Structures are given as structure tokens and as C-alpha cells.
1. Name the long-range amide H neighbours of D71: under 5 Å, sequence gap of 5 or more, or other chain; modelled H, no Pro or chain starts.
2. Is the stretch 75-117 rounded, prolate or oblate when judged by the Cα gyration tensor, a ≥ b ≥ c being the square roots of its eigenvalues, rounded requiring a/c under 1.5 and prolate requiring a/b larger than b/c?
3. For every helix of n ≥ 4 consecutive DSSP H residues, a contribution of -39,500 (n - 2.57) applies; sum these over the chain, divide by its total residues, and give [θ] at 222 nm rounded to the nearest 500 deg cm²/dmol.
4. So which trypsin sites (Lys or Arg not before Pro) in the stretch 382-432 pass both tests, a DSSP loop state and at most 15 other Cβ atoms within 10 Å of the Cβ?
5. What FRET efficiency do you get for D154 and E433 if R0 is 30 Å and r is their Cβ-Cβ distance, rounded to the nearest 0.05?
6. For each of L288, L35, L183, L356, count neighbouring Cβ atoms within 10 Å of the residue's Cβ, then give the residues from fewest to most.
7. Counting alpha carbon pairs within less than 8 Å and at least 6 residues apart, what relative contact order, in whole percent, applies to the stretch 111-449?
8. What is the order of F76, F137, F267, fewest Cβ neighbours within 10 Å to most?
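Read-outs: derived from the displayed coordinates by stated rules, not from any lab. Computed from a predicted model, the values in this text were never measured in an experiment. Don't worry about glycine lacking a Cβ; one is built from the backbone with ideal geometry, like all the others, and counts go over all protein chains shown.
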Amino acid sequence: MSKVEEIKSFIKKEGIESIALLSVDIRGRIHILTLPQKMFNNDLVDNGVGFDASSYGFAPTENSDMVLIPDLNKYFVDPFRETKTLNFFTTVHYADKKRTRYEGDPRYMAEKAEKILKKYEIADYSLWGPEYEFFIFERAEFSIEDGNSYIEIDSPEESVFKSYHIASPQDLYYWFRDDAVSLMESLGISVKYHHHEVGIWGQQEIETKFETLLKTADDAILVKYIIKNLAAKNELSVTFMPKPLKGQAGNGWHVHQFLMKDDKNAFYGEGGYGNLNETAHFYIGGILSHINSLIAITNPSTNSYKRLVPGFEAPTGINFGVGNRNSAIRIPGYVNNPLETRIEFRTSDATANPYLALSAMLMAGVDGILNKIDPVKRGYGPADKKNRRKFKEIETDPFKVLSNLKKDSSYLLKENVFDEALIEKFVKEREMEFRQLSLYPNPAEFSYYFDL
């Protein structure tokens, strides 16, 4: 039975009424196109459905026709829609006769990044395990009208103290995490654990198990889709914003990562610092040497840099260390299993497009391996209780970060993994966005300057 016939049989058996084509734009925002289930056929699989790519940020309006083709290896029954719907992740193609893959498709970039490892005989594949941090609020309202700008947030947990791993009854949303994890598991996302995070006002964390790059990025899209829809269903508000509350811990998207070769951990080196070998150290060197351009992609919002401040376990140091949560790269000190020896990139946050963010991390690490960038010789560490010297801090001016990406992007362009035109467009759109945001007065400015 062909894959198309197999899925047709599944559609009939499950009583599927609609199919939906799911894709993401440059920012990682989900877009969905819905069709009657009878439209699932060989023509759809071969030729796809046309769409306006300018609305995704992929093309100019004067030449914006592109095509979405369903990925027959990645589909799921939507748990939230009343009409029983089968959702397909998609690939983006030009509208030519050959249906050529579009270079700027975020999922395509993730595929190309993974292939780099085999091409240069570095590893067979990479494994990734993100930590998803988010806040749950009873109510979150905001406005940016000319004469009426405000933020109003309500949380029944605002008086909770020392909330890391708190139990019920103080942990008011354990049931939400239970429900979210149950849905995630039912859709093929393996969860490691979940708990209340350190931030009061309802900060949560769900950590997933290790998966390959493309699946991890796909899962990241699904995790946010599940959590946001579950919140709406229960009349709650959730946010993955890096810093929604002043004076509270922010939301990171900490990403654990390592490489596998010949069924062995390509980072493991018994007795080395953090039980890491030379390959792992060069990988660290690559990430840290490019970090001030890398964060343009892994931390793409102005709010990202409100999180990257000292005092909140924020990864502000351009360094690495065992168990150091202030380092951009932490080496988990509690890992005993050689197969799971790894690094954790703590700087990124979930405002990033996961396909671009993971691919960019990998490309920076690969550049370190290929060019043998030694992080110790570069002065990046180790940073731990034995070595408390001062290290350089991550750039926190978003405009300078974008400027850094303009100057330092060659490591992303290797083997055409990243599309140069997409990087230029990404930078241009973020610059425009940042300039617009800088024009808005905020309530804090009123409190400082209104009476002067």
C-alpha cells in the first residue's frame, strides 16, 4: 500500500472530515489552510496547494505565488477542533512545474543543517532536548492606543513565595501541565518531566526528551499550539514572552544538545572537563565565538534582552561551565550516562522560530568543529567555582545584535543551509519592528518623566 493509500485508509477509519496544511512563517507563527478531506489525493501530494507567500514573509507581493505540499511523514489529528481534522506539516515549494523546494522554508533549512554533519563526517545526527518555560495568568490585557496604553495581569499565585518545584495546593496549575503533557504524549512528543518554575505569578516548565533536529523543531511548534489552545479552552492566558514581568524570572528556551556517531555520543570524553571531548569543546567554541550574531536568531525580540540581565539565573556570560546557570553554555553536572553527556545553550527563548534557532546553533557548533575553535584559548572559560574571573557579557542592544548578524553570517551560509536573501529580509524586518517599538512611550517613562 502506498503512503497516500495508507493515509486515505486512516482518514476513512477515523472519520476525518477535514485536512489542514500547517506551516510557519519567518517568525515561527503558525498558519493553517483547511480543505475538505476528499481533497487528499495524489494531485495534492504531487502539486500541493497555492498560497500567498508574501503573507508569510517569504516573497514580495509582486511575485508571491508558492505552493504548500503535505509532509506524509508528519501528521496528527487535531485535539481542539470540533470538526475532526487531520493536520499535516508541510514543505514550501516554488510554483514551477518541478515544484522546486523554496530555500527559505524554515523546515527545509533544518533538513539541510542536519545533512551537514554527515557531509563533513562529523556525526550521523544531532539530538536536542528543550525546556519550555511559560507563564499562566488568569487574565492578561494590554493596549497600545494613542491615549490608552496599559498592561493588566492577574494571577492568583502572585503571593506565592519560593515557587520552584512547589506542590499543590500552592501550585495551582499542576492540572494544566498534566493535561498539556497528556496531549503532547498522545501526539508523539515524549516528555521528560514538568514542574512549577521559580517565577511567582504562575511560571511553568515542561521539558521534552531528546529528538533529532527536525522533529524537535516540529515538536516545538506543536507544544506551543497545544499549550495556547488548552489555555484558551480553560479561559486562561499563557505567554512564552522572555520577560513579561519586571523583577521576576524570565522564560528561556534552554536547549540541551549533543551529536551522535556510530551509535555513540560524539561529545563524550571520560575524564575531560564535564566528561566532554575535543569535538564537544570545539562545538562550544563555535557557539560562543558567534554568540553575538547567533542571538539575533535565537533571541529575536526586544523583550528577549530584558531577560538577559544579571540576577535571575539569566545566561549573560559568554562562557561555559559545569552547573553554571549564568553561563551561555552550561554543562549539566548531574549526568552520569555517557549517551546523554551534553551541553545546554541557555540563552535562547521561545520567541524564536525553532527551525531557524536550532539550525543556527548547529551551524555555529559545526563551524567551531571545522575550524577547531578552542573555547579555553579564546577566553570563554571554564567558568565555575574554581575560576571566578570576569568574562565578557552578551550584547543586549538589539540593534547591535542585528548589525552583528550582518557582519557575521558566513557560518550560517555554509552549504546553503541558510538563505542569504532570507537573512537580509529577517534583519530588515527586525530593524523595522525594533524602530516601531522604540517609538511607543510606556508607563514607566510616565512615572519617571511626566512631572519634570
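1. F89, T90, T91
2. oblate
3. So the calculated ellipticity at 222 nm is -10000 deg cm²/dmol.
4. Passing sites in the stretch 382-432 are K385, K386, R388, R389, K390, K392.
5. The formula returns an efficiency of 0.60 here.
6. L35, L183, L356, L288
7. The normalised contact order for the stretch 111-449 reaches 18 percent.
8. F76, F137, F267
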